[in-house]
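What follows draws every value from the coordinates through simple rules; no lab data is involved. A quick note: this is a predicted structure, and the numbers were derived from the prediction, not measured. Cβ sites come from the backbone with ideal geometry, for glycine too, and all protein chains shown count toward neighbours.
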Amino acid sequence: MLSNDAYRTLRSSVDEDFLSVQAAVELARSLKDDLIFDALLEAALESKIRGKGRTVSVSKNVFIPLTNLCRDRCAYCTFSKTPDSAEAKTYTLSEVASVAEGGRKTGCIEALFCLGDKPEVAYRSHREWLSKRGYETTTDHLIAGCETAFEVGLLPHTNAGILTAEEMEALRPTNASMGLMLENISPRLREKGMPHQYAPDKDPEIRLRMHREAGELKIPFTSGVLIGIGEDENERAQTIKAIRELSDRYGHIQEVIIQPFHPKPDTPMRFVSTLEFKEIAGWIAISRLMLGSKANLQAPPNLAPEVLELLLRAGVSDWGGVSPVTVDFINPEAPWPGLKDLQDRTEQAGQELVFRLPVYPDHIARPEFFETAMLERINDFAGPDGYAKKESPEQETA
Ligand code: SF4
């Protein structure tokens, strides 16, 4: 039997749209108890349906890793390369145009720009590469890349690591939204022997500052939590609480990604275990209850393809970006599920897959978040409900 205390905690979290850090930690420590686990997922799904109905969204995108050079060295990362690597790659504008064009022709709406953090600070060769093309910084190159993708007809979304307020302001006209994983707000993860020891841009204070500035600039903003990198339950719950507070204060948090750590060969953290599916689903459910029924809660489907149904039961409302054209350059070992498969499995779980833009209906309805030209482009893609205009199902799931 479920204890009265656990029952009351879960009921009030659904009814009051709030779960405290303390209650989250207690639930997290009880995930091995099947009764609590099932009741937690049931509460999370009830909350999700209250706030988001039976809709689960997905964005059809092209992934443009503008440069895979990065000044940081996170202990789990395989995306970042050094300039002497055969796999080091920085896209020219004509390459950006060509990938964006490929995306446009296959019905993609979003151009997802993902890149390493300030590589020009660490590498002279990259400074020279930029300078030859008239750029002082990677952000100058990124601004031109976003303009290119916008001109091709897509809606850019940028995740470039840490940006200043001025840089975000310069990117805002050509980005429907931007993002930065908060990851975890514990400074402990930057200590000696921890995953962010050699990653100055993973300083939680700097990441919180960028979240606040994005809010002040009215930029629809994607945040997220990376789970399983050595944080404890309290640190995880405190991070989710911080995102909820940012969202309540600025109204700009458009989605929250719960991303489970995946060990990769050739990284210092290759021997660290992955989280069990039950822990992933349990934390998605806890996040739903902490973030509230209206939150857009995203779990990347390629990182737990065996258990999509469990993630749906845990209150996921978005599958993130899935590309018919490009691989997941951050997790290249994890192929995207086919869109048709994603649609079938979402429907079999009693929910409905809808295609979205890189910005959600809630923000599309708030014009103060966009420049005029961006809002016009968004409205070209959006139907009356704020999701992507319907195409034939064959085209959509191709
Ligand atoms: S900041 Fe991002 S790209 Fe750079 S090393 Fe860390 S995870 Fe990799």
Sort the following peptides by mean Cβ neighbour count (other Cβ atoms within 10 Å, averaged over residues), highest first: 310-320, 62-72.
310-320, 62-72
Using the per-residue mean of other Cβ atoms lying within 10 Å as a proxy for protection, in what order, highest first, do the peptides 77-88, 279-290, 242-253 fall?
279-290, 242-253, 77-88
Contour excess over end-to-end distance, with Cα ends at LEU35 and ARG50 and 0.36 nm allotted per residue
3.1 nm
Please give the peptides 6-13, 261-268, 140-147 ranked by average Cβ packing (other Cβ atoms within 10 Å per residue), highest first, as a rough proxy for protection.
140-147, 6-13, 261-268
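Out of the DSSP beta bridges found with both residues in region 4-396, what percent are antiparallel (nearest 5)?
10 percent
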Which pairs break 27 Å Cα to Cα here: LYS81/LYS294; LYS105/LYS218; LYS192/LYS264?
LYS81/LYS294; LYS105/LYS218
Projecting the Cα atoms of PHE113, THR78, LEU93 onto the charge dipole of region 68-171, where Lys and Arg contribute +1 and Asp and Glu -1 at Cβ, the residue farthest towards the positive end is THR78
Angle, helix 233-250 long axis vs. longest principal axis of the chain, Cα atoms, 0 to 90°, nearest 10?
70 degrees
Would you tally the net charge around LEU297, using a Cβ to Cβ cut-off of less than 11 Å, leaving LEU297 out, and scoring K and R as +1, D and E as -1?
+2
What angle do you read, to the nearest 10 degrees and between 0 and 90, between the alpha-carbon axis of helix 138-152 and the longest principal axis of the chain?
90 degrees
Cβ-based charge dipole, the chain, positive-most Cα from LEU41, VAL354, VAL152
VAL152
By how many degrees, 0 to 90 and rounded to 10, does the Cα axis of helix 93-105 deviate from the longest principal axis of the chain?
50 degrees
Averaged over every viewing direction, what's the projected area of the C-alpha convex hull for region 68-197? Give it in nm², one decimal, please.
8.9 nm²
Only Lys, Arg, Asp and Glu count, each charged at its Cβ (+1, +1, -1, -1), so figure out the dipole size of region 130-196 about its Cα centre, rounded to 20 debye.
340 debye
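Can you classify region 1-61 as rounded, prolate or oblate using the Cα gyration tensor, where a ≥ b ≥ c are the square roots of its eigenvalues, rounded means a/c under 1.5, and otherwise it's prolate if a/b beats b/c and oblate if not? Write out the running numbers ahead of the final one.
On the way: a/c = 2.10, a/b = 1.80, b/c = 1.16.
Prolate, since a/c reaches 1.5 and a/b exceeds b/c.
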What do you get for Rg/Rh over the chain if you use C-alpha atoms and the Kirkwood form of Rh?
0.95
Mean residue ellipticity (222 nm) of the chain, computed from DSSP H runs ≥ 4 via -39,500 (n - 2.57), nearest 500:
-12500 deg cm²/dmol
Starting from the Cα of LYS132, step 7 Å along the direction of its Cβ; do the same at ALA165; then give the gap between the two resulting points in nm.
3.7 nm
Taking the C-alpha atoms of region 236-380, how large are the radius of gyration and the largest Cα-Cα span, Dmax, in Å?
16.6, 50
The summed charge of the ARG50 Cβ neighbourhood (under 14 Å; Lys/Arg +1, Asp/Glu -1) stands at +1
Taking the Cα centre of the chain as the origin, how large is its charge dipole in debye, to the nearest 20, when only Lys and Arg (+1) and Asp and Glu (-1) carry charge on their Cβ atoms?
300 debye
For THR372 and GLN348, compute 0.36 nm times the residue count separating them, minus their Cα-Cα distance, and round to one decimal in nm.
4.6 nm
Have a look at region 209-310 and give its Rg and Dmax from the Cα atoms, expressed in angstrom.
14.5, 41
